[in-house]
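Q: Before anything else, here's the structure in question.
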Amino acid sequence: MEYVLLAAGLAAGALAGILLGVRRERARLAGAGKTAEEVLRRAEEEVGRRRKEEEIRLRDESVRRREELNRDLESRRSEIRDLESRLERRTQSLDDKLEALARRETALEGRAQATERRESALEKKEEEANRLVAEQTERLRQISGLSREEATQLLFQRLEEESAQEISTRLERAQERLREEEVALAQRVLSLAIQRLAVSHTQEATVYALEIPNDDMKGRIIGREGRNVRAFEKETGVDLVVDDTPGVVVISSFDPVRREVARRSLEKLIADGRIHPTRIEEIVAETREATEKGIEDTGRRTLAEIGLRNLHPRLVQLLGRLKYRTSYGQNVLRHSIECAYLASTMAAELGLDAELARRCGLLHDIGKAVSHEVEGTHPMVGADLARRHGETKIVVNAIAAHHEDVPYGSTYAVLTQVADAISASRPGARRDSIERYLQRLRALEEVAGSFAGVDQVYAIQAGREVRVLVDAGRVDDAEAVRIARDIARRIEGELEYPGEVKVTLLREKRIVEYAR
């Protein structure tokens with residue numbers, strides 16, 4: 001019985017354990033289901049959130065691409081507008097050129113018609129002259145009893161005289177008209193060039209007269225038995241003149257750079273007070289180095305002022321040396337800068353390369369920087385320097401031809417020569433001795449007075465104009481035109497003068513009567 005109860009109890013306990021396990025398993029399965037549902041729910045939420053983020057990203061990307069496309073489209077539209085604008089301007093320019101060509105064609109047609117009318121008038125005059133010749137021939141034969149040959153010779157002589165007068169009158173009118181057109185064009189170009197340029201020039205002497213504080217300093221400059229003067233002249237290569245003139249010593253040299261080095265060195269020695277050969281050597285070396293550096297700086301500043309590039313360093317240095325070079329009292333560097341501006345302005349007015357003309361004008365006197373060291377004229381020396389340092393044939397020819405040593409090779413050579421003449425001949429640009437000035441005026445009057453029929457000659461406006469008075473009884477209008485032209489040609493061929501000389505010939509007819 002006890003065993004039965006024990007077995008029953010064990011069975012009941014086992015059954016209870018099984019039931020408890022079943023309940024636990026059911027509870028675990030229920031929890032697993034809830035976890036799965038939670039995971040599924042979270043997964044769905046994550047998918048929804050990512051879908052929304054992706055939609056937002058895609059929307060932003062779409063907006064960005066749309067903006068890029070809009071910007072690209074706007075850029076293309078802007079380019080199209082620019083192209084349309086340029087096309088419109090080009091079309092307008094072509095229309096203007098076509099109108100100008102049409103006007104020129106109209107003018108040419110008018111000139112052609114005028115020429116035809118003149119030819120027709122000349123033909124009529126020729127016919128009339130032939131008729132008159134025939135009438136005169138017949139009349140002379142009847143009245144004078146001359147032979148046909150004699151009458152023909154007389155008529156031809158008379159006709160030649162009338163024709164010469166008519167031809168001279170027409171030639172004078174044509175020359176006057178051409179002269180007026182040439183003067184108007186030249187005045188416009190030159191006036192624009194000169195008007196745009198206003199520079200001041202300082203006249204510098206070729207010999208420096210340096211003031212010293214007292215005569216005691218003069219003795220210190222000379223030194224014991226002249227050793228300081230000899231040392232100074234040896235180091236600088238100049239002549240130091242210390243004479244009896246109070247308070248002044250004179251520095252003389254053919255080389256302007258040496259004069260400048262000597263002047264600065266002597267000023268430093270006077271200010272320092274220690275004057276002896278060793279100190280002189282030190283000061284001169286320092287000054288020479290500083291001067292050479294200043295020369296290079298001057299060359300570079302000049303290029304920057306003019307606006308030129310790609311100039312050989314040797315030419316830059318020579319350009320700086322022109323600062324210490326003068327010609328008839330005119331500073332050569334400032335003269336070269338002025339010529340560069342003048343040539344550039346005239347080239348721009350004529351539709352040429354302004355920068356090339358500016359280069360020709362700036363370098364035209366580069367030979368003067370070394371002309372005292374090299375044999376030859378400064379145009380040929382400068383042309384050789386430019387050729388050896390990479391300048392073009394146009395620039396080389398402009399340098400060589402600006403004093404007509406060689407023929408002009410281009411329009412730029414002519415512009416360079418004209419700019420040089422303008423800069424050199426303007427009032428106050430250069431000094432000249434009174435003897436040479438008076439000699440030039442006398443030569444002008446002698447040349448003009450050597451022609452037959454000339455009564456009086458006056459050189460006026462500092463030799464830039466010659467006023468010629470002729471005898472009206474001996475010289476007619478046609479002869480007056482020929483005399484004026486011949487005087488101008490002889491002046492061009494025989495005399496040297498800056499700029500140009502205007503020949504003005506006056507023919508005055510006086511009639512005198514007396515009332516008694």
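The values are calculated or read from the model by the stated rules, or taken from the named source; none is laboratory data. For clarity, every value in this text was computed on a predicted model and none was experimentally measured. Heads up, the Cβs are rebuilt from the backbone with ideal geometry, glycines too, and the neighbour counts pull from every protein chain shown.
Table: residues versus (1) surrounded by fewer than 24 Cβ atoms within 10 Å (Cβ to Cβ); (2) free of Cβ contacts under 8 Å to residues at least 12 places away in the same chain; (3) assigned by TED's automatic domain parsing to the domain that holds Ala400.
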position: Ala340; (1), (2), (3): no, no, yes
position: Ala347; (1), (2), (3): no, no, yes
position: Ala354; (1), (2), (3): yes, yes, yes
position: Arg359; (1), (2), (3): no, no, yes
position: Leu363; (1), (2), (3): no, no, yes
position: Ala369; (1), (2), (3): no, no, yes
position: Val374; (1), (2), (3): yes, yes, yes
position: Thr377; (1), (2), (3): yes, no, yes
position: Val381; (1), (2), (3): yes, no, yes
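Q: Can you pull out the residues in region 405-438 that are part of a loop (DSSP other than H, G, I, E, B) and modelled with pLDDT of 80 or more?
A: Correct list: Asp405, Val406, Pro407, Tyr408, Gly409, Ser410.
Q: Do the conditions hold for Glu305, that is, is it within 30 Å of Glu235 (Cα to Cα), charged (D, E, K, R) and not assigned by TED's automatic domain parsing to the domain that holds His403?
A: It is false that Glu305 is within 30 Å of Glu235 (Cα to Cα), charged (D, E, K, R) and not assigned by TED's automatic domain parsing to the domain that holds His403.
Q: Would you confirm whether or not region 193-204 contains a residue that is modelled with pLDDT of 75 or more, in contact with a strand residue (DSSP E or B) (Cβ under 9 Å, 6 or more places away or on another chain) and assigned to a loop (DSSP other than H, G, I, E, B)?
A: no
Q: Here's a follow-up. Taking only pairs six or more apart or across chains, which ones have beta-carbon atoms under 7 Å, a first residue in region 399-420 that is without any contact (Cβ under 8 Å) to a residue 60 or more places away in the chain, and a second residue that is of a type in the set (A, V, I, L, M, F, W, C) and assigned to a loop (DSSP other than H, G, I, E, B)?
A: Final answer for the pair search is Ala400/Val406.
Q: What's the total number of residues in region 484-516 that are farther than 30 Å from His402 by Cα and buried (at least 18 other Cβ atoms within 10 Å of the Cβ)?
A: 2
Q: Taking the condition in contact with a Pro (Cβ under 7 Å, 6 or more places away or on another chain), touching a residue at least 24 places away in the same chain (Cβ under 8 Å) and farther than 18 Å from Val418 by Cβ, does Arg325 pass?
A: Yes: the conditions hold for Arg325.
Q: Sticking with this structure for a sec: Quick one: in region 311-348, which of the residues that are more than 11 Å from Ile366 (Cβ to Cβ) and outside any helix (DSSP H, G or I) is modelled with the lowest pLDDT?
A: This residue is Gly329.
Q: Looking at region 321-345, which of its residues are within 21 Å of Phe254 (Cβ to Cβ) and of a type in the set (Phe, Trp, Tyr)?
A: Correct list: Tyr324, Tyr328.
Q: Condition first: farther than 12 Å from Glu211 by Cα, of a type in the set (A, V, I, L, M) and not in a loop (DSSP other than H, G, I, E, B). Now tell me which residues in region 235-258 satisfy that.
A: If the condition is that a residue be farther than 12 Å from Glu211 by Cα, of a type in the set (A, V, I, L, M) and not in a loop (DSSP other than H, G, I, E, B), then Leu240, Val241, Val257 are the ones that fit.
Q: Could you check, for region 214-225, whether at least one of its residues is closer than 26 Å to Leu318 by Cβ, touching a helix residue (DSSP H, G or I) at 6+ places or on another chain (Cβ under 8 Å) and not in a helix (DSSP H, G or I)?
A: No, region 214-225 contains no residue that is closer than 26 Å to Leu318 by Cβ, touching a helix residue (DSSP H, G or I) at 6+ places or on another chain (Cβ under 8 Å) and not in a helix (DSSP H, G or I).
Q: Still on this structure: Collect the residues in region 436-481 that are surrounded by 17 or more Cβ atoms within 10 Å (Cβ to Cβ) and touching a residue at least 60 places away in the same chain (Cβ under 8 Å), keeping them in residue-number order.
A: Val481
Q: Please indicate, with yes or no, whether at least one residue in region 234-243 is at pLDDT below 70 and out of contact with any Asp or Glu (no Cβ under 6 Å at 6 or more places or on another chain).
A: no
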